[in-house]
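One structure below.
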Amino acid sequence: MATESNKVNLGTLAALGAILALALVGLVAAVTVMAMEGTALERTRKGGAVNTRPFRDLADAQRADLTEDAEWLDQQAGILSISIDRAMELVIEELARDPTVATPRAATDAPATAGSVGVGADSAATRTDPHRPAPTRSTAASAAPQPDPPSAQR
């Protein structure tokens with residue numbers, strides 16, 4: 001019978017592990033150097049480092065505009081500038097009170113006044129809700145009842 005030793009040579013296994021670890025470290029170092037050289041070449045090709053300062057300044061200014069406090073644009077006309085977040089909160093509160101405010105009204109709901117010229121008059125007197133825009137000729141015309149198609153009249 002053949003007699004072989006079942007013992008693992010730990011010295012050889014440790015040496016093999018150390019060689020593989022060093023090879024992995026060398027491979028990572030080589031890839032890192034190549035990536036840095038590629039980045040440096042690309043930077044010189046583009047004419048230096050990219051200046052992101054103007055972009056950051058613009059983004060900061062826009063963020064400040066979106067989060068600023070309310071201010072009157074025209075106090076006599078009742079026009080107030082508020083942040084988008086606050087406007088969304090107000091819309092949600094209004095919808096919670098009356099969900100029908102999100103539904104457009106029919107053109108026949110607007111009361112006729114002596115000052116209105118006809119459908120599409122956008123004077124303030126013809127609007128009952130200041131938050132809704134006045135109807136335009138195109139929306140009023142599309143809201144008007146249409147005749148039945150010829151196939152439905154039979």
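The values are calculated or read from the model by the stated rules, or taken from the named source; none is laboratory data. Keep in mind it's a predicted model, so treat the numbers as computed, not measured. FYI the Cβ positions are ideal-geometry reconstructions off the backbone, even for glycines, and counts take in every protein chain you see.
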Next on the checklist: Of all residues being at pLDDT below 85 and not hydroxyl-bearing (S, T, Y) in region 43-63, which is surrounded by the most Cβ atoms within 10 Å (Cβ to Cβ)? Just the residue, please.
Outcome noted: R43
Item to check | Within region 21-67, considering residues that are at negative phi and assigned to a loop (DSSP other than H, G, I, E, B), the one nearest to the chain's Cα centre (by Cα) | outcome: T52
Checklist entry - Yes or no: L80 aliphatic (A, V, I, L, M), surrounded by 10 or more Cβ atoms within 10 Å (Cβ to Cβ) and assigned to a strand (DSSP E or B)? => result yes
Checklist entry - Name the residues in region 85-103 that are under 18 Å from D69 (Cα atoms) and aliphatic (A, V, I, L, M), would you? => result A87, M88, L90, V91
Item to check | Per-region count, region 83-110, residues surrounded by 11 or more Cβ atoms within 10 Å (Cβ to Cβ) and either at positive phi or touching a Leu at 6+ places or on another chain (Cβ under 9 Å) (or both) | outcome: 2
Next on the checklist: With the structure loaded, tell me whether L80 is under 30 Å from A102 (Cβ atoms) and hydrophobic (A, V, I, L, M, F, W, C) or whether it fails that test.
Outcome noted: yes
